Every structure is written in C-alpha cells, then in structure tokens.
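A.B. asks: Structure incoming, see below.
The values are calculated or read from the model by the stated rules, or taken from the named source; none is laboratory data. In this text the structure is predicted, and so the values were computed from the model without any measurement. Methodologically, a virtual Cβ is constructed for each residue, glycine included, from the backbone with ideal geometry; neighbour enumeration extends over all protein chains shown. Surface areas here come from the heavy atoms of the whole protein model, side chains and all, with no ligands, DNA or RNA. Shrake-Rupley method; radii C 1.70, N 1.55, O 1.52, S 1.80 Å.
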Amino acid sequence: MELHTLVPELSVAAQIAASDLAALHAAGYRAIICNRPDGEGADQPNYSEIAQTALGLGIATRYLPAVSGQVTDAEGAAFGALMRELPRPVLAYCRTGIRSTTMWALSEAATRPLPQILEKARAAGFDLTGLLRRIANGGKTPVEVADARHQIVIVGAGSAGIAVSASLLARDADLDIAIIDPADVHYYQPGWTMVGAGIFAPATTARTMASLMPRSVHWIKAAVAAFEPERNAVILDGCRVVRYDQLIVCPGLKLDWHAIDGLVETLGRNGVTSNYRYDLAPYTWQLVRQLKRGTALFTQPPMPIKCAGAPQKAMYLSSDHWRRSGVLDGIDVQFCNAGASLFGVAAYVPALMEYVERYAITLNFGHTLSAVDGPARTATFTRARADGTTEAVTTAFDMIHVVPPQKAPDFVRVSPLADAAGWVDVDPATLRHKTYANVYALGDAGSTPNAKTAAAARKQAPVVAHNVLVGLGQLAGDARYDGYGSCPLTVERGKIVLAEFLYAGKLAPSFPKWLIDGTRPSRAAWYLKERLLPPLYWEGMLKGREWLARPEMVG
C-alpha cells in the first residue's frame, strides 16, 4: 500500500484492502473516502468490506464513487463537503488514486491557484494537466490537444489485449502500439475454478502486468473515461487525450455484484462465496472442506457471462469432494439457473446429466438470484412461471456459490461504440466496428454471440491483428472469426467434458475422437486443463504464438 500526500490533511491511494486498515489506523488516519464504484475489478473488495473493518477500528468511512475519467464538478463539491465534515487526516482511494486526486483538485479550484494544485498533484505522482485544460475550457476536454498519439491503441491488458498486441508484433515488430490499462496484476481467470477446488494455489493464477507487457509496447497505466471515435481519440482518467490510427477495444466486462440485494454486504462471510473473484476462490475451497451436511446452492445469472460453464464447474468439483469424503448423502446440492437448460450446446448435456444424477443435484431452471441475507443464511430467487409471470422463492443455505450478473464496462456502455445492449458493436466475422472502420473489439466486451471465454479471445486475437494491418495498408484480404469457444467442464477431479463449438453451437473438436471425445468425460481433457493450458496461456497465447489459432482468410 503506497500513500501519496496531497496536503497534510489528505492523502490518496490506489485500492486498499481491509487488511490495510490496522496499519492506517496506527499511522493516524481517522477517516477514509472510497471513490471507486464496486465491481470494477476481479480482485477488488467491495466498499462494505472496508467499512465494516474500519468501523471496528473507529475510522469513519464515506462512499463517494465516480466513474473513471468522468468526475463531475458536483462530485468535486461533494468531496470538499466530506473533507470539511470528516475528522482528519483523511485517506481517499480509488483504483489508482487519480479519481480521488481529481475530486480534491475540483474541490480546491475556487480557492487555491491552479498552478499550486498542479504542483501538489505532481509532487504526489499525479499529472492533472488534462484536468486543468478542462477547467480552463469551461468543463470540456479539448481532444484536439493530445497528450500522446500512437499508430495502434489497445484498451485493456487482459488476455485479449496482451494476446492481440503480441500477435500484431509477431507480424510487424516495428509497429507503434500503446496499451491502456491501470492494473498492476494480470490474472489467469480460467484457473480460479481450480483454486476454488483446492487444485491450484491462488498465486499461480497471477503475474505482474509489467512482466507480461511486450517490451516494445507503450504501457499507459491509466483508466479510460470515454471514446471520441469521430476524432480518433480516447479520453483517459484525469482528462488526458490519446489519439490513434487504429483502435482495439478489449477491456473485459463488469461484474455487477450490486444487482443482487444484500450480496456485497456478505461476500466472503456467512457461507457466501464466488470463484469469480480472485480473493474469494480460496474461501470457496474452505467452505467446501468445512461442509459436512446441509444445503449448498450454486447460482447462474442470465446470459451473457464470462465462461458460461463456470457456475456448474464449481458445483461438480464441490460435489465430487463431498462424494470422496463420504458426506455427499447429507448435502442437498441445488443448481439455480436463470436459464432454461443445463448447457447451451445440446451435445454436451447427456454427459453432464450423468453427473447431475450421480451427485443427486436438484436442477432449478428459471431461477434468478435477486437477494442474499447472509446472517440469516437465506437466498431469494425470482422464479419464472409457465404463464410468464414470476414469483419470489426463498431458500435456506449453508453455503452458496454466487455468480453475479455481468455487463460491459460503464465507459463502453455509454459510448458511441456500443450497441443497444451496451457491447462494442462489431461484425461477428471480422470483429471490425460496424460504424467506425478503424475500430475493432475482441474478448468479453464485444457484441459477438460467442461464448465469452479465454479460448475465444485466443482465436480472435490473430483475426484482429491481421485485419488491423489491413486497415493500415500493410496486408490484404480479411481474416474471419468463426465463433470458436471452449469450455472445459470439470465434472470430477481427474475428468473433464471438453466442450468446443462455433457460432450456432456447431461442434468444433480440436483433437481426434480417439484422443479426446469432447462429449464424454475424459482424463486426457483433465490433463490438458491442469497441465497444458496454463503454460499455453502464459507462454503461447500471451507471446503471440498462434498454435491451433491461425485465422481463416477470405478475399
């Protein structure tokens, strides 16, 4: 935890954890302001977790969230009011510290000279030049004044962003590429199911972003606030402007924990867990080991979500542990799925149903989790009736594995790049934007109707890399993405149903049937998932090695 002092009564920081609060209390901090909305990152604790721990230490807390890069004058005024109200010194935090610094600057703009604000922010490690231009320009960011310009700008340094940058450089090592992402850590999220089953250690799924960023790429360690595609500009947090010739958008998606009433207040406690967050997957394994009898609920929200099979993977691996431990007969396992079927591709359902029956799992289709009461150990679902109406159903639990609803990041949903549902509106084959010919999207934020998996991003990256070079006039003919997605369904420890499919659910096995029959549980598929896919991810996909991922060419 690194603290940046702006003025004696205020310091700012990047995301803090509840475990940091004792040290902050010992350092004399008497109040904390959270300027980061819940659900921005997969490793982010919710504000309520911070506030609960702070309460026990006598530290005052306030929640004043702001959308990255879109801090308003009203939020600046509210920040100033909190500074007058709260005991001092105060620590304000967000994802990187820039939003908190921006709010402070706006709150001080009427009483402190702008050069002094700029100087104090710079001394603390934050560049507010763009914000001062905005203040001087009557509240608008002049995009004609660019802080940087690059041939190719990539928004997001997750699996899709790193992979597509590596694929581009494999084709032309002299490209001028910038990646915009504020995160310090990169996660192998497909491994979190295995963490939640005690198979992988959490640390094996995380590496520093700096260690993975291609050497020749310019890393802009900032959050994106907005897109100005008509002017080929990206607006960053702090009102800085980056211009581009070609833009690739791949920021992932947003986990909407707040969409379920009461969930954020009880995550990580009271038997409530989720493998969709890095710090909670170990708690899943703890709960599984501790449970000897009772009710275990596993939920799945409406589509789309990342890795549609992950909700039931957790259920099968947990049930397998209980079976091997001899306690499964005393545990009522229920799968509460907002959808109407076990899996979207029918060919894989028979094998999955065999495990549903083996583990005596109750399937509750048309059940959407709407509320969780952790202390009472109850979950409330909205259940769809056959006549189209709905009813509320409350179920007691001893353990619940929750998968939150998911949507595109806020700055994507409100942008000119978004379709009516909020996703980046691209052609499903070329992954080129339907309106802006120099904009592409891949990974979870795109509008393509494929499964949102790392395997899909691995196939999409070479397609986008080729087509971007076509846009730059260096190549000819379009590359096309066929909708490939893969979901290794971990049905027991040591066996996997390897689902591989294209658009419209067409089966697309990568291996001969004698080696891996994807419609049947397989030890070979488990070996692939446990031993081969992690190094393939770190040393193959993220390094631009396109094994089994060469794109189809047309024209």
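A.B. asks: Structure shown: which of K459/K529; K452/K506; K313/K452; K306/K513 lie over 22 Å apart, alpha-carbon to alpha-carbon?
C.D. replies: The pairs that break the limit, which is 22 Å between Cα atoms, are K306/K513.
A.B. asks: Quick one: in the range 275-337, what % of C-alpha pairs are over 20 Å apart?
C.D. replies: For the range 275-337, the share of Cα pairs beyond 20 Å comes to 26 percent.
A.B. asks: For the charge dipole of the range 165-236, defined by +1 on Lys and Arg C-beta atoms and -1 on Asp and Glu C-beta atoms about the Cα centroid, which residue among H186, A233, S165 has the Cα displaced farthest towards the positive pole?
C.D. replies: Checked the options; the winner is H186.
A.B. asks: Based on the alpha carbons, how large is the Rg to Rh ratio for the chain when Rh follows Kirkwood?
C.D. replies: My calculation puts Rg/Rh at 0.98.
A.B. asks: What is the sum of charges around F365, taking Lys and Arg as +1, Asp and Glu as -1, for the other residues whose C-beta is under 13 Å from the C-beta of F365?
C.D. replies: Here the charged neighbours net out to +2.
A.B. asks: Where does the charge balance sit around P301 when Lys and Arg score +1, Asp and Glu -1, over other residues with C-beta under 15 Å from its C-beta?
C.D. replies: That sum, taken over residues with Cβ under 15 Å, equals +3.
A.B. asks: Please report the carbon-and-sulfur percent of the accessible area for the range 273-360; probe 1.4 Å, protein heavy atoms only, DNA, RNA and ligands left out.
C.D. replies: 52 percent
A.B. asks: The chain: longest stretch without exposed GluC sites (Glu not before Pro) (DSSP loop, at most 10 other Cβ within 10 Å), sites themselves excluded?
C.D. replies: For GluC sites (Glu not before Pro) (loop position, at most 10 other Cβ atoms within 10 Å), the longest site-free span of the chain is 145-555.
A.B. asks: Name the trypsin sites (Lys or Arg not before Pro) in the range 87-144 that are in a loop by DSSP and that have at most 13 other C-beta atoms within 10 Å, would you?
C.D. replies: Passing both the DSSP loop test and the Cβ count: K140.
A.B. asks: Next question. Relative contact order for the range 356-410: what is it in percent, counting Cα pairs under 8 Å that are at least 6 residues apart?
C.D. replies: RCO, the range 356-410: 22 percent.
A.B. asks: The range 66-225: Rg/Rh from Cα coordinates, Kirkwood Rh?
C.D. replies: Result for the range 66-225 is an Rg/Rh of 1.06.
A.B. asks: For the chain, what's the relative contact order in percent, using C-alpha pairs closer than 8 Å and at least 6 residues apart?
C.D. replies: 13 percent
A.B. asks: Rounded to the nearest 5, what % of the DSSP beta bridges within the chain are antiparallel ones?
C.D. replies: Counting only bridges with both partners in the chain, antiparallel ones make up about 50 percent.
A.B. asks: Add -39500 (n - 2.57) for each DSSP H run of 4 or more in the chain, then divide by its residues: what number comes out at 222 nm, to the nearest 500 deg cm²/dmol?
C.D. replies: Roughly -7500 deg cm²/dmol at 222 nm, from the helical runs in the chain.
A.B. asks: Would you work out which of A457, A347, Y244 lies farthest towards the positive end of the dipole of the chain, given +1 charges on the beta-carbon of Lys and Arg and -1 on that of Asp and Glu, about the Cα centre?
C.D. replies: Ranked along the dipole, the leading option is A347.
A.B. asks: Taking the range 305-351, which chymotrypsin sites (Phe, Trp or Tyr not before Pro) meet the DSSP loop condition and have no more than 16 other C-beta atoms within 10 Å?
C.D. replies: In loop regions of the range 305-351 (DSSP not H, G, I, E or B), there are no sparsely surrounded chymotrypsin sites (Phe, Trp or Tyr not before Pro).
A.B. asks: Which of L64, A259, S19 sits farthest toward the positive end of the charge dipole of the chain, with +1 on the Cβ of Lys and Arg and -1 on the Cβ of Asp and Glu?
C.D. replies: S19
A.B. asks: Separate question: Rolling a 1.4 Å sphere over the protein heavy atoms, what is the accessible area per residue of the chain, to the nearest Å²?
C.D. replies: The answer is 39 Å² per residue.
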